[in-house]
Amino acid sequence: MENLMFVYCSCKVIWTFLVTILGYASSLPVGDDSICATEELAKYSIIFTGKWSQTAFPKQYPLYRPPAQWSSMLGVTHSSDYSMWKKNEYASNGVRDFAEKGEAWVLMKEIEEAGEKIQSVHGIFSAPAISSGTGQTSTELEVHPRHPLVSFVVRIVPSPDWFVGIDSLNLCEGDHWMEEVAVDLFPYDAGTDSGFTFSSPNFATIPQDTVTEITCSSPSHPANSFYYPKLKILPPIAHVKMVKLRKNQLGLSAPYFNLPAKSNEVIDSVSETPLDCEVSQWSSWGLCRGPCSKTGTKIRTRFVLLHPANNGNPCPNLDEETGCEPENCV
């Protein structure tokens, strides 16, 4: 009887232990990439640098109404149970509103609901907008061992639904936090608006498409503002740097709100992107003019669609003349 009681008690202890372990495991974020062995919280300074210059992106560069600029940054620290946005997946209503109009209320609500339902969100952070294509803005963020991932979005202004950002960057490496992370950023299309150019009118994509990266050859259309078929890859349109703050720095680091672009950080690091001249199709031939019984001339013309920049191919002749036989001779 005593042996049976011992076996029963042992089984009960083992079962209780297993239930405890399984319960703890079920509360962890899904996915090995988000399991962090460190026990401490960490704070980072995040610095966003806009590199959207007319030198790097000369095609249809917005100079006014409105000029090239960046929206505020909206970001979140989270576990792998949550995703703000993801390439090749459909954008949420909140990401759509932010990418199209810079409105953050729906996206903020989505983040808050995810935090309440599955406790996948640790904190939200934001940084001020940048009023030009080049410049800097910054803020601070806090990560947790169970929430070591960082995601954010910044809208490209003006644009139909284009943005830059990071999706689920893990700041934890095993049992320690990374000291510094730097990432080049490239444009994305939210898949909710069908415009090709920075200033395209609002034209909803029906049915909605997935989030896709915009490249120098995709969308493959000459009207695309990022279409540079001679390039192998677009230059980075922005850059983000995250630096871990030491304990004696917490709360004391200086913000970088709307810092002016420094030549050695923003301009000189970007090579010139050559832009070839683009011209229209030829017009139809004009009337043949000239004296009777002699060869006359007729002319056709075309006009410049896009002026060359940064040593791109110059424009060809805009008019062409050829011989003809006058019908209404003089």
**Asked** For the peptides 133-140, 59-66, 121-128, what is the packing order when you average, over each peptide's residues, the other Cβ atoms within 10 Å and list the highest mean first?
**Response** 133-140, 121-128, 59-66
**Item:** Fully extended contour minus Cα-Cα distance, from residue 169 to residue 92, at 0.36 nm per residue
**Value:** 25.8 nm
**Fill in**
Per residue, the convex hull enclosing the Cα atoms of region 194-234 spans a volume in Å³ of 72
**Asked** Going down the list 87/244; 117/241; 86/117; 117/247, which pairs span over 22 Å between their C-alpha atoms?
**Response** 87/244; 117/241; 117/247
**Request:** Would you work out the charge dipole size for region 115-238 about its Cα centre, treating the Cβ of every Lys and Arg as +1 and the Cβ of every Asp and Glu as -1, and quote it to the nearest 20 debye?
**Result:** 440
**Message:** Could you work out the relative contact order of region 53-182? I mean the mean sequence separation of Cα pairs under 8 Å and 6+ apart, divided by the number of residues, in percent.
**Reply:** 34
**Request:** Taking each pair of different alpha-carbon atoms in region 42-244 once, compute 1/r for the pair, average those values, and report the inverse of that mean as the Kirkwood hydrodynamic radius in Å to one decimal.
**Result:** 17.2
**Inter-centroid distance (Cα atoms) of region 187-208 relative to region 276-296, Å** = 39
**Message:** Over region 283-330, what is the relative contact order in percent, taking alpha-carbon pairs closer than 8 angstrom and at least six residues apart?
**Reply:** 47
**Request:** State the Kirkwood hydrodynamic radius of region 278-324 in Å, one decimal place, computed from all pairs of distinct Cα atoms.
**Result:** 12.4
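Every number in this text was worked out from the coordinates using simple rules, so none of it is lab data. Owing to the predicted nature of the structure, the values given are computational and were not obtained by experimental measurement. Positions of Cβ are backbone-derived with ideal geometry, glycine not excepted, and every protein chain shown enters the neighbour counts.
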